[in-house]
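J.: Before we start, here is the structure in question, set down as structure tokens.
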Amino acid sequence: GINFYDTANIYGSGHSEILLRKTFKDKRDKIVLTTKAGYKDYGRRVQDFSESFIRKSIEASLRRLDSDYADILFLHSPPREVISSSQAYDILCKLKDEGKIRYNGISVLRTADDGLLYRKVIMTHLS
């Protein structure tokens, strides 16, 4: 009964996404599939939340997943200045409008306050 799968562009250098594609070939509509963007080099903790990198990352993930969309795209542990600037949120909204993702969020590794800050950014945009 498990239908929620979370992966990232850096897990196995994209190999986890390939495994999910192979496992769920012809069953994409029956699962919730999430991925993440933001790390260029996880080992050295190099991150990039620019629009060009996030786009490059989701497009590569979608190719590996053999899917037209991700159900959720998470920003992978963004620093507070990225969360509070709302620039990354705007990029995610564009990707949603383009049909590449259905929903967005952040994968919080630092503190719960980061998640609350992201919620505040979203609520500001919605009001």
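J.: Can you run down the residue pairs with Cβ atoms below 9 Å, 6 or more apart or on separate chains, where the first is in the range 13-33 and over 30 Å from ARG44 (Cβ atoms) and the partner is of a type outside the set (Gly, Ala, Ser) and exposed (fewer than 10 other Cβ atoms within 10 Å of the Cβ)?
T.: PHE24/LYS30; ARG28/ASP68; ILE31/ILE2
J.: Please state which of the following conditions PRO79 fails to meet, knowing it meets all the rest: (1) within 23 Å of ALA112 (Cα to Cα); (2) in contact with a strand residue (DSSP E or B) (Cβ under 6 Å, 6 or more places away or on another chain).
T.: Only one criterion in (1) within 23 Å of ALA112 (Cα to Cα); (2) in contact with a strand residue (DSSP E or B) (Cβ under 6 Å, 6 or more places away or on another chain) is unmet by PRO79, namely (2).
J.: Going through the range 87-127 one residue at a time, which ones are at pLDDT 80 or above and not in a helix (DSSP H, G or I)?
T.: GLU98, GLY99, LYS100, ILE101, ARG102, TYR103, ASN104, GLY105, ILE106, SER107
J.: Could you tell me whether ALA60 is surrounded by 21 or more Cβ atoms within 10 Å (Cβ to Cβ) and either hydroxyl-bearing (Ser, Thr, Tyr) or in a helix (DSSP H, G or I) (or both)?
T.: no
J.: Now for a separate question. Report, by residue number, each residue of the range 55-76 that is closer than 18 Å to ASP114 by Cβ and at pLDDT 95 or above.
T.: ILE72, LEU73
J.: Right, here's the next one. Suppose we keep only residues that are in a strand (DSSP E or B), open to solvent by less than 50 Å² (accessible area, probe 1.4 Å) and more than 21 Å from ASP68 (Cα to Cα) within the range 11-51. Which one would you say is modelled with the highest pLDDT?
T.: Going through the qualifying residues, I end up with TYR39.
J.: Looking at the structure I just gave you, is TYR5 part of a strand (DSSP E or B), more than 20 Å from HIS125 (Cα to Cα), in contact (Cβ under 8 Å) with a residue 24 or more places away in the chain and open to solvent by 50 Å² or more (accessible area, probe 1.4 Å)?
T.: Spelling it out, TYR5 is indeed part of a strand (DSSP E or B), more than 20 Å from HIS125 (Cα to Cα), in contact (Cβ under 8 Å) with a residue 24 or more places away in the chain and open to solvent by 50 Å² or more (accessible area, probe 1.4 Å).
The values are calculated or read from the model by the stated rules, or taken from the named source; none is laboratory data. Since this is a predicted model, take the numbers as computed values, not measurements. Every residue, glycine among them, receives a Cβ derived from its backbone with ideal geometry; neighbour counts consider all protein chains shown. Areas reflect the complete protein model, heavy atoms only, side chains present, ligands, DNA and RNA absent. Shrake-Rupley method; radii C 1.70, N 1.55, O 1.52, S 1.80 Å.
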